[in-house]
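Undergrad: Please see the structure below; I have some questions.
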Amino acid sequence: QCCIFRRAQSILHPTVFTTRYKLTDAVLSRLDRYKQRYDEINDQLTKGEVPARKLGKVGKELSEISGLIEAKSALLEAEKEIKECQEMLETSKDDETELYELAKEEKQILEKKSKKLEREILLALLPKDEADEANVILEVRAGTGGEESS
């Protein structure tokens, strides 16, 4: 098994590679640490405490973390709306009204959105390879002589 897969297994719930992506407490606490770091960086940037030579690195870290923070807040909002739809469904389940049907459809849409956001968060938490950011120069030369050149 590759190291990324083993790393993913260590931070993700065992059922993560099935149809439902469920965030564990460990993942949620990790997201909370990213939120704290995000707030620290924002404070440093607004106060001007970041040296000019580190500004690029800090800005890059901030942009990486901001995607996670936005996804987590969108996920929490979607889960809140799912609960509201569930409450609507429970209160109006006796009568098959238009409101019941709308709440049912809305809940299905929100559950799909929630699954998608959970998957995005889990993939964003996988460790990044340092070589992904590196530049590469590829030189292609024609072969000379022999079977390789034909």
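The values are calculated or read from the model by the stated rules, or taken from the named source; none is laboratory data. Please read all numbers here as calculations on a predicted model, not as lab measurements. Backbone-built Cβ (ideal geometry, glycine too); neighbour counts: all protein chains shown. Ligands, DNA and RNA are stripped out before the accessible areas are found, and what is left, the full protein with its side chains, is counted by its heavy atoms. Shrake-Rupley method; radii C 1.70, N 1.55, O 1.52, S 1.80 Å.
Undergrad: Which of rounded, prolate, oblate describes the range 37-85, given a ≥ b ≥ c as roots of the alpha-carbon gyration tensor eigenvalues and a/c under 1.5 marking rounded, otherwise prolate only if a/b is larger than b/c? Write out the running numbers ahead of the final one.
TA: On the way: a/c = 6.64, a/b = 3.09, b/c = 2.15.
Judged from the Cα gyration tensor, the range 37-85 comes out prolate (a/c at least 1.5, a/b above b/c).
Undergrad: On to the next question. Please compute the modelled spin-label separation between LYS93 and LEU45, points set 7 Å along Cα→Cβ, answer in nm with one decimal.
TA: My value for the distance between the label points is 4.6 nm.
Undergrad: Here's a follow-up. Magnitude of the Cβ-charge dipole of the range 24-89, K/R +1 and D/E -1, about the Cα centre, nearest 20 debye?
TA: 540 debye
Undergrad: Take the alpha-carbon positions of the range 29-142, form their convex hull, and give its projected area averaged over all directions (one quarter of the hull surface) in nm².
TA: 12.9 nm²
Undergrad: Roughly to the nearest percent, how much of the accessible area of the range 40-150 is carbon and sulfur, given a 1.4 Å probe?
TA: Accessible surface attributable to carbon and sulfur in the range 40-150 totals 50 percent.
Undergrad: So for each of 34-44, 132-142 I average, over its residues, the number of other beta carbons within 10 Å; can you give me the resulting order with the highest mean first?
TA: Numbers: 34-44: 13.8, 132-142: 5.2.
Result, highest mean first: 34-44, 132-142.
Undergrad: Please list, in chain and number order, the residues 5+ apart from THR24 or on another chain whose amide H is under 5 Å from its amide H, with Hs placed from the backbone.
TA: So THR24 has HN proximity to HIS13.
Undergrad: Could you tell me the calculated FRET efficiency between LYS80 and LEU55, based on Cβ-Cβ distance and R0 = 41 angstrom, to the nearest 0.05?
TA: E between LYS80 and LEU55, to the nearest 0.05, is 0.65.
Undergrad: Still on this structure: Please list, in order along the range 117-133, the HN-Hα scalar couplings obtained from phi with the Karplus expression 6.51 cos²θ - 1.76 cosθ + 1.60 (θ = phi - 60°), rounded to whole Hz, x for Gly and Pro.
TA: Karplus-based 3J(HN,Hα) across the range 117-133 equals 5, 4, 5, 4, 5, 5, 5, 5, 7, 4, x, 8, 8, 5, 6, 5, 8 Hz.
Undergrad: Quick one: length gained pulling ASP25 to GLU70 fully straight, 0.36 nm per residue minus the C-alpha distance?
TA: 14.4 nm
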